[in-house]
1. Once the Cβ-Cβ distance between residue 184 and residue 235 is put in as r, and R0 is 22 Å, what FRET efficiency do you end up with, to the nearest 0.05?
2. Can you work out the Karplus-derived ³J(HN,Hα) for every residue in the range 124-134? Use 6.51 cos²θ - 1.76 cosθ + 1.60 with θ = phi - 60°, whole Hz, and x for glycine or proline.
3. Rounded to the nearest 5, what is the percent of antiparallel bridges among the DSSP beta bridges in the chain?
4. Treating cross-link reach as a plain straight distance, find the aspartates and glutamates whose alpha-carbon is under 18 Å from the alpha-carbon of residue 254, omitting any fewer than eight places away in the same chain.
5. Each label point is 7 Å from the Cα along the Cα-to-Cβ direction; what then is the distance between the points at residue 5 and residue 208, in nm?
6. Would you list which aspartates and glutamates come within 12 Å of residue 103, measuring only between C-alpha atoms, while excluding same-chain residues fewer than 8 positions from it?
7. Comparing 163, 11, 65, which has the greatest mean-square fluctuation in the GNM of the chain with Cα pairs linked when under 10 Å apart?
8. Among the trypsin sites (Lys or Arg not before Pro) in the range 133-177, which ones are in a DSSP loop with at most 11 other Cβ atoms within 10 Å of the Cβ? Mind listing them?
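FYI, it's all coordinate maths here, none of it is from the lab. From a predicted model like this one, the values you see are computed outputs, not experimental measurements. Every residue, glycine among them, receives a Cβ derived from its backbone with ideal geometry; neighbour counts consider all protein chains shown.
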Amino acid sequence: MMEINGRTRTCGLIGNPVEHTMSPAIHNTLAEALGENLVYVPFHVPEGHVEEAVQGAWALNLLGCNVTVPYKSRVIPFLREIDPLAELIGAVNTLVRTKDGFKGYNTDMPGLYRAMCEDGVKIQGERALILGAGGVARAVAMLLAQKGAEQIVILNRTVEKACRIAEEVNGIFGRAAVTPMALSDYAKLPSDGKYLAVQATSIGMYPKVENAVIEDPAFYQKIHTGYDLIFNPARTRFMSLVEENGGRAFNGLKMLLYQGIIAYELWTGAQVDEPLAKRAYEAMKKAMGLE
Ligand code: NAP
């Protein structure tokens, strides 16, 4: 355990709730391993107090913060500056201290990209599916379009939300990369090639672990790689269905890890190498009761 003294810097997590977070395990492991005099703690911010939380964090000389549900968009008006990627995504999960306020970043998407690279999942030239059209799915669509997926189909229960994302992403990237589709129409997907599928709905998340957003094995036969963004449970029903039908499956644990690592790198200027990333990964899994 590190010694806390007069020079210890603080980073923290702003959210509601925050009690379930794994981020302290990631950041405190990194700080200890790198010999950085820094602690990371959760801050439960009640509804209606996000502005005070951001201003208070700056006034208290915090080095940085993560931001989680429900404040990822709501912190934006209180920032001094916003990184272009975070602005494009419309959500900030990391605040970095600057001379006169915080600068907002989004490390969720770079985190997912670093996790996919590490897992050997290719995006360039792929045909991709996104299940869901919530906040995270929108950012995934931007990532896949930016990294050169050949075609991206967004399947969502509320098809209007998928349409809105498709319009927006196609507008930004100037090509008809994204096509919306109603979830119930999944059988209409052509079967002349296999897809990379990113599962970005909340279906299958603890405690309702027995569900997948689509159950039909015929759908899973069209998938070569299934990337579930859910990390609890570590093996979701979606992942089992992908694997049972011959595909590779991954969970959202590494995305969670790398969004934290990239935030830590922004706060401290440190470079987290692979052995240290593995150490933080093990600490995070231990905190979740997975190892
Ligand atoms: P969100 O905005 O609430 O979106 C939820 C999505 O799930 C929507 O597309 C919604 O469809 C769909 N959905 C919910 N219930 C459904 C049902 N019964 N049938 C069909 N579709 C249903 O959530 P989000 O913030 O984008 O998060 C999505 C997932 O990403 C969550 O599971 C979260 O755990 C995960 N996540 C992971 C990480 C990580 O680091 N690994 C980080 C952030 C989030 P409608 O539009 O039709 O309602």
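1. Once the sixth-power term is evaluated, E becomes 0.25.
2. Once rounded to whole Hz, the list reads 3, x, 7, 8, 10, 10, 10, 9, x, 9, x.
3. Approximately 20 percent, going by the DSSP bridge assignments.
4. 108, 118, 119, 228, 265, 273, 274, 282, 291
5. Simple spin-label model gives 5.2 nm for this pair.
6. Those aspartates and glutamates meeting the cut-off are 81, 83, 87.
7. 163
8. 175
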